[in-house]
Every structure is written in C-alpha cells, then in structure tokens.
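Reading through the structure tokens given below for one structure.
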Amino acid sequence: MGQLIVLVAMFALLWLLLIRPAAKRKLAQQQLLSSVEVGDEILTAGGLYGHVRSIGEDDALEVEIAPGTSVRMARRAVAAVIPPDDEPLELDAGEVDDEPDAVPTDENRR
C-alpha cells in the first residue's frame, strides 16, 4: 500500500512539474499562431522582425522583412506577435555613457 501511495505521488509531481506546464505552453503557442493577421508585426524563430503581408491557404505567410523585400515562411516559425505600441529603443547621441568603468587596482582586487 505504501508503494502505491509513493507511485501515485510521484506521478502527480511529474504531472504538476512537467506535463501541465508543457501543455500550457503548447496551447499558448497554438493560440498565438492562430491569431496572426495581415498587418501584424512579428518576430520569427530565427530572430527576424517583419510585417505580415499575406496569409496563404497552406499556412504560409508572406512577410516583409525590409522595404521591398518579402519572404515566404511557415506560420509555425512565428515566435511572437509584437504589439503595435512596442517601438524599438533608439539611443540618442546624448545618452551614450562616455565615462569608462573604474579600473581595478591591486588594492581593490583583495
């Protein structure tokens, strides 16, 4: 009887720590892929940003990665849909830190 309880407890722990989170991630990825629409800005699994220009019937997307440059890719290669209010950060020339980091001396190394 004691072995059965341990076995059931081990299975429950395995389910809570491994199987359930993996199923949630899979469901979230499927919802993300089904929500991709024309005009969305996406991030691909390869790290490219682009705008979806068309969606084919065979789950292929036409993505513009640069002005005048479009690529055809599988829908499953979409890693994220970028919200419209997320703009990439651009540093102004005045924001660069010109001061070098302190150089450690022999006294600071001890």
| field | Pair list, Cβ under 9 Å, 6 or more apart: segment 1-30 residue assigned by TED's automatic domain parsing to the domain that holds Ala79, other residue not in a helix (DSSP H, G or I) | value | none
| task | Could you run through segment 31-55 and say how many residues are surrounded by 10 or more Cβ atoms within 10 Å (Cβ to Cβ) and modelled with pLDDT under 90? | result | 3
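The values are calculated or read from the model by the stated rules, or taken from the named source; none is laboratory data. As the structure is a prediction and not an experimental result, all values here were calculated from the model. Methodologically, a virtual Cβ is constructed for each residue, glycine included, from the backbone with ideal geometry; neighbour enumeration extends over all protein chains shown.
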